[in-house]
1. Kindly identify segment B:156-209 as rounded, prolate or oblate by the Cα gyration tensor criterion: order the square roots of the eigenvalues as a ≥ b ≥ c, call it rounded if a/c is under 1.5, otherwise compare a/b with b/c, prolate if a/b is larger, else oblate.
2. Rg to Rh ratio, segment B:74-156, alpha-carbon atoms and Kirkwood radius?
3. Relative to the present Cα-Cα distance, how much length would full extension add between residue B:83 and residue B:26 at 0.36 nm per residue of separation?
4. Let me know the shape class of segment A:82-209, please: from the alpha-carbon gyration tensor, a ≥ b ≥ c as square roots of the eigenvalues, rounded when a/c is under 1.5, otherwise prolate if a/b is greater than b/c, or oblate.
5. Hey, could you pull the Cα Rg and Dmax for the protein assembly as shown, both in Å?
6. Take each complete run of DSSP H in chain A, measure how far its Cα atoms stretch along the helix's own axis, and keep only those covering 15 Å or more with mean Kyte-Doolittle hydropathy at least 0.0; list them.
7. Bins of 5 Å, beginning at zero and ending with the bin holding the largest distance: percent of Cα pairs per bin for segment B:1-135, please.
8. Quick check: pseudo-label points 7 Å beyond the Cα along Cα→Cβ at residue A:131 and residue B:173, how many nm apart are they?
Number of protein chains: 2
Amino acid sequence: MKTRRHRYSASTKGALVDVAEQLFTENGYTATSLDAIVAGADVTKGALYHHFSGKQAIFEAAFERVESRATAGIVEASAGHRDPWEKAQAGLRAFLDAVQEPAYRQIVISDGPSVLGHERFREQEERSTYAIVGEIVRSVLTTGGWDLDEDMLDTFTRIFFGALSAAGGSVAVDEDPAAAAARVEAAIGFIMAGLQQLLEAGVEVPDPA
Amino acid sequence: MKTRRHRYSASTKGALVDVAEQLFTENGYTATSLDAIVAGADVTKGALYHHFSGKQAIFEAAFERVESRATAGIVEASAGHRDPWEKAQAGLRAFLDAVQEPAYRQIVISDGPSVLGHERFREQEERSTYAIVGEIVRSVLTTGGWDLDEDMLDTFTRIFFGALSAAGGSVAVDEDPAAAAARVEAAIGFIMAGLQQLLEAGVEVPDPA
DNA sequence: GAGAGTACGTACCGTCGGTATGTACCCGAA
DNA sequence: TTCGGGTACATACCGACGGTACGTACTCTC
């Protein structure tokens with residue numbers, strides 16, 4: 001049941017996260033004070049500490065919102081493609097787009113790891129963009145009958161996810177983002193083509209065990 | 001000329017960086033207070049602010065030290081190999097080792113970007129480990145007469161550097177780091193083998209322009 | 001309509017980064 | 001020899017910020 005109090009509460013909380021996301025994006029985590037957030041949301045610190053346990057908690061709320069936006073964009077773009085390689089191409093483009101968003105770069109990539117800590121950051125990551133990359137990597141690498149165990153699939157996913165994150169970051173700061181994105185697409189495409197070559201040649205992934 | 005004053009000064013500064021590196025590694029940047037650093041070095045804040053302009057400056061000193069250690073390790077390991085592919089293999093192993101060091105993970109990977117800011121972080125990076133990865137990528141990719149322009153080489157470098165950083169981080173937190181490192185080596189080796197395949201087949205890198 | 005819980009507001013505290021100022025010491029010039 | 005000046009710190013203090021304690025108005029339920 002939605003009572004008026006609940007609606008007021010929800011809107012206050014939402015306004016706080018709105019302002020927090022904006023200020024965190026513009027100034028970074030440490031340079032954003034709680035006073036500035038509550039002033040922007042036209043409330044006081046009492047309201048903030050009623051809804052969140054502290055600064056880290058409201059950051060995490062903004063973090064999750066930004067992550068879920070990025071995830072939605074990639075899912076939407078990669079859906080509708082049946083062929084795994086086409087799906088990967090479309091997902092790659094969407095990923096490169098998402099990672100250029102200022103909020104994503106500042107909150108998720110830059111401040112995320114240090115504010116949330118490694119393990120918590122990893123947790124958040126693994127149920128959003130990382131999971132999507134994992135799905136795409138799985139569908140691409142298992143095409144053609146490769147049998148990779150879960151550990152090896154996860155290793156490939158980490159590698160590709162790291163590659164895409166770094167590449168996306170460089171795209172975002174490039175003076176010509178469109179050209180940089182095109183280069184990244186070409187390079188990633190070339191690497192994937194190499195994997196396809198091996199696949200067609202019947203080369204096995206070496207067993208590290 | 002080295003006077004006694006200069007020696008005293010150098011040792012005080014060195015002690016401050018020693019303690020700072022340790023505390024930053026253990027607790028992270030924000031959770032490490034300047035009071036704790038100066039207490040650990042048995043001096044006062046006056047001494048710290050005489051040698052450094054502030055908290056960020058002493059962090060950067062620790063950052064540079066950790067980076068140069070990592071760089072030295074990789075250079076040492078990859079030296080002595082003539083064949084680019086062998087050089088890459090050796091460099092990869094050394095990189096995976098370096099990136100597992102707690103100081104490197106916390107100070108360089110986790111806190112580095114948010115504390116120094118993107119551009120400053122990038123500057124520091126590009127004259128240390130990134131430069132080495134770039135050299136190796138260049139020597140590997142230009143073998144056999146490929147002609148890639150600088151932009152494309154840099155794109156490949158960013159991709160591999162990001163891949164290796166992420167992979168190294170996952171190795172560090174794995175419950176069996178040795179096995180995880182072996183998986184990463186296998187996966188990277190497989191990707192490079194794919195590139196070799198394309199190289200032998202005479203496939204051109206698509207021109208994104 | 002009265003008690004209880006919610007959704008805040010207000011006032012305050014401890015910590016921390018940074019600064020201003022003082023001081024002991026060393027070193028080169030007169 | 002001494003004496004001015006610069007170096008290498010120490011001491012005292014400030015303002016900002018994260019967090020807490022407590023008060024209060026409003027609302028929902030019984």
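Each reported figure results from applying straightforward, stated rules to the coordinates on display, with no laboratory input. Only a predicted model underlies this, so the values are computations on that prediction, with no experimental measurement involved. Please note: Cβ atoms are built from the backbone with ideal geometry, for glycine as well, and neighbour counts cover all protein chains shown.
1. Numbers: a/c = 5.96, a/b = 1.97, b/c = 3.03.
Note, shape of segment B:156-209 comes out oblate.
2. Details: Rg = 14.2 Å, Rh = 14.0 Å.
Radius of gyration relative to Kirkwood radius: 1.02.
3. Details: separation 57, 0.36 × 57 = 20.52 nm, distance 3.94 nm.
Extra length from residue B:83 to residue B:26 when fully extended: 16.6 nm.
4. On the way: a/c = 2.31, a/b = 1.36, b/c = 1.69.
Here segment A:82-209 falls in the oblate category.
5. Rg and Dmax of the protein assembly as shown, Cα atoms, are 23.3, 80 Å.
6. Numbers: long enough: A:4-27 (34 Å, -0.78); A:55-78 (35 Å, 0.03); A:84-98 (20 Å, -0.28); A:129-141 (18 Å, 1.23); A:150-173 (34 Å, 0.78); A:177-201 (36 Å, 0.98).
In chain A, the long hydrophobic H runs are A:55-78, A:129-141, A:150-173, A:177-201.
7. 2, 10, 19, 18, 16, 13, 10, 7, 3, 1, 0
8. 1.6
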